[in-house]
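This report refers to the structure that appears directly beneath it.
The values are calculated or read from the model by the stated rules, or taken from the named source; none is laboratory data. Keep in mind the model is a prediction, meaning the values are calculated, not measured. Cβ placement follows ideal geometry from the backbone for every residue including glycine, while neighbour counts extend to all protein chains displayed.
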Amino acid sequence: MKPTGTRPNRTVDRGENVEDFTTREGLRSLLQRLHDAGARAWELDPMATDLMEFAAEKYSSLARKHGLDPWEAASAAFDVMRTKAVRYANDPWAVITHAVRITCIAEERAQGLLCSTHQARRPHVSAGHDAERFGDRQSPLIDFHPAFRVFNEHDAGIGEVEDHSRVSATATLVVEDAINLLTLLGWPTESARASVEHVCAALTRAGTRQTAYESLRRDMHARALLDLPGPSWSALLKALLGNPNPAYAATSTGRGVLLRLLIGESVPVLLRDDDLVLAVSLSVPRHGSKAR
């Protein structure tokens, strides 16, 4: 039943004890009685129906403000009404209103972010912008991310093919130089190659060093496949991708080996970096060490 615009009036005998749920004391009394009556009280008690219709009307404006149906707000009110916190609150309606407002905000954010309401309640998720369709962007799709650029050797101009080949060659040289650096500092060749190639593949997928670092840092499966102990894995990520601490962003420590090689530094130059050499040398995986 949808709300009709006014709170329903129930005609009762003068001697019948009916809680005026529009007041804090009346609502507390009704909620306590419904709680004591058992699980089906909300389904069978006429006062419960009146209460929910009143709640749908009371929170209809709040629901519409966030693009929701009034009964979605009433559903949120129903969830919180059954809690002990509301029954023992000094002002039950104030607690319910606050909870409904938070739920409406989370529902609106969840619709925009295309995620669950539970996720939308988390600050680091709700801080993001609403989901966008590629078609809604003014710029071409290929400008969104390099991964969408496809080079066709038959249709593309010679200059485009040459630029693509040059980028691929540079990336290959950076990978080989990074492997060579690790090998010179004591890493086994096979471990160095597998580790660097895995990190570079993750970096390509992630798009940024910070995102790749956070993803790889928690990737226990990859670490197990590479057979690296925890300290070696952590030190390797910092060495290759740079220390993620913002304080090191403009330093060699923050840039990492891969970026330093990409911007023109050579292996001999990197070997003169005492801090880097020490960190990589100490991270060499020892035979028989256990991953922690």
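Among the residues making up segment 177-191, those that are surrounded by 14 or more Cβ atoms within 10 Å (Cβ to Cβ) and either outside the structural domain of G256 (by TED's automatic domain parsing) or without any contact (Cβ under 8 Å) to a residue 40 or more places away in the chain (or both) are I179, T183.
The condition (being farther than 20 Å from A212 by Cβ and not in a helix (DSSP H, G or I)) is satisfied by just one residue among V269, V277, V284: V284. Considering segment 253-276, the residues that are β-branched (V, I, T) and crowded, with 16+ Cβ neighbours inside 10 Å include one that is farthest from N243 (Cα to Cα), namely V257. If you go through segment 236-247 and keep only what is surrounded by fewer than 18 Cβ atoms within 10 Å (Cβ to Cβ) and small (G, A, S), you end up with just A247.
Output yes when any residue across segment 34-43 is among the acidic types (D, E), at pLDDT 50 or above, assigned to a loop (DSSP other than H, G, I, E, B) and closer than 19 Å to M81 by Cα, and no when none is. Taking every residue of segment 34-43 in turn, none turns out to be among the acidic types (D, E), at pLDDT 50 or above, assigned to a loop (DSSP other than H, G, I, E, B) and closer than 19 Å to M81 by Cα. Summed over segment 68-115, residues that are touching a helix residue (DSSP H, G or I) at 6+ places or on another chain (Cβ under 6 Å) and among the small types (G, A, S) total 8.
Pairs meeting the criteria (first residue in segment 192-217 and aromatic (F, W, Y), second residue surrounded by 20 or more Cβ atoms within 10 Å (Cβ to Cβ) and at pLDDT 85 or above, beta carbons under 7 Å, at least 6 apart or on different chains) are Y213/L237; Y213/L241. Would you confirm whether or not segment 146-166 contains a residue that is modelled with pLDDT under 60 and under 28 Å from P246 (Cα atoms)? Looking through segment 146-166, at least one residue is modelled with pLDDT under 60 and under 28 Å from P246 (Cα atoms). When segment 226-237 is filtered for residues that are over 26 Å from the mean Cα position of the chain (by Cα) and on the phi < 0 side of the Ramachandran plot, the ones remaining, listed by number, are L226, L228, P229, P231, S232.
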